[in-house]
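Everything below concerns the one structure shown next.
What follows is calculated from the coordinates using simple rules that are stated; it is not laboratory data. Because the structure is predicted, anything quoted here is derived from the model rather than measured. Cβ sites come from the backbone with ideal geometry, for glycine too, and all protein chains shown count toward neighbours.
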Amino acid sequence: MTDKRIDQTPVSEIGPPKVEAWAVNKVFGYGDSSVQAVSDVELTLEPGTTTALVGPSGCGKSTLLRMVAGLETPTSGAIRIGGEEPHVVARKGRLSVAFQDPSLLPWRTAASNVALARRLAGLPKDPEKVQHLLSLVGLDGFENKRPAELSGGMRQRCAIARCLATDARLLLLDEPFGAVDEMTRRRLNLELPRVWEGQGTTTLLVTHSVTEAVLLSDRVIVMSHRPARVSADIAIDIERPRRASHLTSPKFLALVTQINTALGIIDEPEDDASRLEARA
Amino acid sequence: MIRQQVLLTEQMRTYAGFAGLLIAWELLARFAFGQLYILSPPTAIVMRIIEDLPLYSRALSATVSEALLGFILGNLAAIVLAVLVVTLPPIERLAQAIALVVFCLPLVATGPILRVIYGPGWGPQITLAALSVYYTTFVPLVVGLRAVPPSWLDLIASYGRGRLTAMTVVRARASLPYLIASLKIAAPAAFLGAIVGEFTGADRGIGVLSIQAMRSLDVDGTWALATIASAVAIIGYAVVGWAGQLLSIGAPPSLLVSPASKAPKVLWKKLFMAVAAPTLSCVVILLLWKISMDGLDLSRFFAKRPGDVWAYLVAGSQAAAHRSELFAALRETMGTTVLGYFAGLGLGAVLAAIFCMLPAVEKIASPVAIALRSIPIVATAPLLVLALGRGQLGMLGIVAIMIFFPTLVSCLHGLRQTPGQVIDYFDSFRAPPLTQLFLARVPAMLPSLFAAARMAVPMAVLAATVAEWLATGTGIGNLMALTNSTSNYNMLWSCVTILTLVSVAGYALVAMLERRVLSHFAPEQVI
Ligand SMILES: Nc1ncnc2c1ncn2[C@@H]1O[C@H](COP(=O)(O)OP(=O)(O)OP(=O)(O)O)[C@@H](O)[C@H]1O
Ligand SMILES: [Mg+2]
């Protein structure tokens, strides 16, 4: 019964949604052993924009993203996606999540893992689209391999392809490139936004890389540890489409420095070298 | 190429191991035990099988059909129940309790009761076969259906899909390794159930023939029938394993781990779980008992209700006498059973540890042990009675052997689970083998040992009662046989009730100990 599609409107006819969060709190556990994972987060994602979420490990980024995806309910406060509750939007197959760990089903091939997303979202089969997405993430020739036969980075790319397979208008990406090597990561950083910008999507991206955050998004939100709340909100006004040449522009570097300052890493403005775990 | 060669030599070694065993057996039977009428040489057994082939094959086809039907029905019931428990978590405790009680029913006494209920025919054998497979399928399957990484379930939930999709898309497939592993064990177990059914009064089948052979001191015949039973059991085990390989389904990470359910944190919930839940389960089980007897409209003469047993043992005027008769027999049984239980467990664990220290021995012995493990020991009870005698020693031997093989195989499995890094770590210190064994491997083996110990409780009771029923003429097994032949159904039902309670209590005791020990050594196994 829970699996009935509520609404059969084709996803492509719906624009990217606006996401709003009011005074969202999340507490795990009870009493003495409770953890305040997210406190008093106010957030608005404008339709069609990309927002990056950065912050030290364990500051509640994944938790916030999971609440937007309807996988956790806030302890207090509310989240609305286009005016609807997250789990209602999820049930309509209108949002897509790329998880921190790729979570591919080990008995399915790369292609059938990607195709599974369409089945779960109640969409018709589309082998061509699956093939196209797989080659976009550089997995040509690996369609029929099982996850165990793929490297960690390849698995994560497969998960990204799966995330894009449903044409969802709201993408929630939790460190989608975490295990991908630097070179491929940069290429994907530049290519993938074209896919979702082309169709108009609202994107929430959790990342540990400040460079990636600036390169991909219209806005970077910095979260702090204890208390787990928003500590800075920085607009990125660099023209699109973004190119590799932007990486060295003074504006870009200034923004990277600004974010690193907000994170409290001032001495290494360069970028990924300053992996945030090192601080945390 | 090289890999193939290695495999080939390993196979050769296994075959060499079997061949050596056979030759030693032949020599021993011909020259050492020739006059004792207990051991038949392999050549004589083969001759006998060829001689009596028509008789044996008729009996075998009856037994195999019963076992097959029971296998299918029992496993289907287990699968349905497991899926139900995982989709509706609130019913879990109740379902687990009912499943455990049914698992702990003493098959020996259930057989005759089923016989009067069903009348003549295959009914009791099929039911016993089903009863002896379903618990060992149900428990691992629940574990397998649950042992799904939460992120896979998140994936399903992120598309707004519910439990049904999670079951069909993820859980069903993820639990297949567990299902195959339990079906492998179930194949010989079903055969055992059918044979126990035949022991207690069928008119045809391998079980009937082996009792006849044992009673007429036909040594070669008893051995021939035990050999046939073992071969069929091993073939059943192998066929299921082969089917699993064909579908390229790997081995599950762990077998028969305890069905973990989250321990509640809040005090009143804890109290509820400790007191109310078991009480509720008891009430439901008693109700089910009564309703099924009433519903089938069975005669009160042989189909006793809970009230009859209560009156017979507690409320009635003769209750004290009945109680003292029953408990005297029970005491007699329990002494030997407990001894055999610990002997089997200890021997299995120690031998597994020894094998683990001597890899060369393990390579040869391990396949032999796995093959022997799939032999339904109880089905060969007539043989053991011949070999070990009709006294307490024979019974002790049957109980110990019954438990020994599953424990050995389970412990070997557990020892192999020691994480490679841990071994590497110890190796990096050049830790002596014994240190390594006790600090790294034994803790890794404990979950498997306890799983085996838990499942062995009802097995020990089964083995002891079969031995008593068939041979020793002592204890509660004998009491049940007597009451059966004198149609004293009150006593028979009372015996079944008390034995079930004893088994459940033993099982619960081991499970409690298991939690205590594992929360110290392997906290990840206890949730
Ligand atoms: N299911 C849960 N139960 C209890 N505590 C949790 C749970 N999920 C997260 N937490 C806690 O909430 C806090 C935030 O976790 P979260 O996963 O959101 O961090 P994160 O910012 O995504 O970290 P990372 O960058 O390492 O992925 C952590 O302290 C974590 O221990
Ligand atoms: Mg995270």
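What are the DSSP H helices in chain A that stretch 18 Å or more along their long axis, judged by alpha-carbon atoms, and whose average Kyte-Doolittle hydropathy comes to at least -1.0?
Helices meeting the span and hydropathy rule in chain A are A:152-164, A:250-263.
Check which residues have an amide H placed less than 5 Å from A:A232's amide H, if you skip close sequence neighbours.
A:V222
Let me know the charge dipole size of the protein assembly as shown about its Cα centre in debye, to the nearest 20, where only the beta-carbon of Lys, Arg (+1) and Asp, Glu (-1) is charged. Intermediate results must be reported in sequence, preceding the final value.
Working: 68 positive and 57 negative charges, 172 e Å.
My answer is approximately 820 debye.
Is there a simple number for the mean count of other chain Cβ atoms within 10 Å of the Cβ of residues in A:121-128, and what is it?
1
Of B:K184/B:K363; A:K18/A:K92; A:K18/A:K125; A:K92/A:K129, which pairs sit farther than 25 Å apart, going by alpha carbon to alpha carbon?
Too far apart for the 25 Å limit: A:K18/A:K125.
Which ³J(HN,Hα) values in Hz, rounded to whole numbers, follow from the phi angles of the range B:178-191 under the Karplus curve 6.51 cos²θ - 1.76 cosθ + 1.60, where θ = phi - 60° and Gly and Pro get x?
5, 4, 4, 4, 6, 5, 4, 5, 5, 4, x, 5, 5, 4
Using each residue's phi in the range A:28-41, evaluate 6.51 cos²θ - 1.76 cosθ + 1.60 at θ = phi - 60° and report the 3J(HN,Hα) Karplus result to the nearest Hz, with x for Gly and Pro.
9, x, 10, x, 5, 8, 7, 10, 8, 7, 9, 10, 6, 8
Which listed residue (B:V143, B:T127, B:V64) has the Cα farthest towards the positive end of the charge dipole for the protein assembly as shown, taking +1 on Lys and Arg C-beta and -1 on Asp and Glu C-beta about the Cα centre?
B:T127
Counting helices only, and only those DSSP H runs with n ≥ 4, report the 222 nm mean residue ellipticity of chain A as the sum of -39,500 (n - 2.57) divided by its residues, in deg cm²/dmol to the nearest 500.
The helix-only estimate for chain A comes to -9500 deg cm²/dmol at 222 nm.
Long-range amide H contacts for A:E72: which residues qualify at under 5 Å (H placed 1.01 Å from N, peptide plane, sequence gap of 5 or more or a different chain)?
For A:E72, the qualifying residues are A:M67.
Considering amide H positions built from the backbone, and no H for Pro or chain starts, which residues 5 or more places from A:V206, or on another chain, come under 5 Å of its amide H?
Residues meeting the amide H criterion: A:L53, A:L173, A:D174, A:E175.
Can you order the peptides B:152-159, B:305-312 by their average number of other Cβ atoms within 10 Å per residue, highest first?
B:152-159, B:305-312
Which value, in debye to the nearest 20, describes the size of the charge dipole of the range A:151-218 about its Cα centre when Lys and Arg Cβ atoms bear +1, Asp and Glu Cβ atoms bear -1, and nothing else is charged?
Numbers: 8 positive and 9 negative charges, 45 e Å.
Once rounded to the nearest 20, the dipole reads 220 debye.
Using Cβ contacts closer than 10 Å as the measure, can you line up B:K269, A:K26, B:K363, A:K61 from fewest to most?
B:K269, B:K363, A:K26, A:K61
Based only on other Cβ atoms within 10 Å, what is the fewest-to-most ordering of B:T87, B:T465, B:T165?
Taking fewest neighbouring Cβ atoms as first place, the list is B:T87, B:T165, B:T465.
Would you mind ranking A:S151, B:S448 by Cβ crowding within 10 Å, fewest neighbours first?
Neighbour counts put them in this order, fewest first: A:S151, B:S448.
Which ³J(HN,Hα) values, rounded to whole Hz and listed in residue order, are derived for the range B:120-137 from phi using the Karplus coefficients 6.51, -1.76 and 1.60 in 6.51 cos²θ - 1.76 cosθ + 1.60 with θ = phi - 60°, glycine and proline given as x?
Listing the rounded values in order: x, x, 8, x, x, 4, 5, 4, 5, 4, 5, 5, 7, 9, 6, 6, 6, 8 Hz.
Once Lys and Arg get +1 and Asp and Glu get -1 on their Cβ, which of A:T75, A:N189, B:A229 lies farthest toward the positive end of the dipole of the protein assembly as shown?
Projecting each Cα onto the dipole axis, the largest value belongs to B:A229.
What does DSSP give for the protein assembly as shown in terms of the percent of beta bridges that are antiparallel, rounded to the nearest 5? List each step's numbers first, then the result.
Working: 18 of 35 bridges.
In the protein assembly as shown, DSSP labels about 50 percent of beta bridges as antiparallel.
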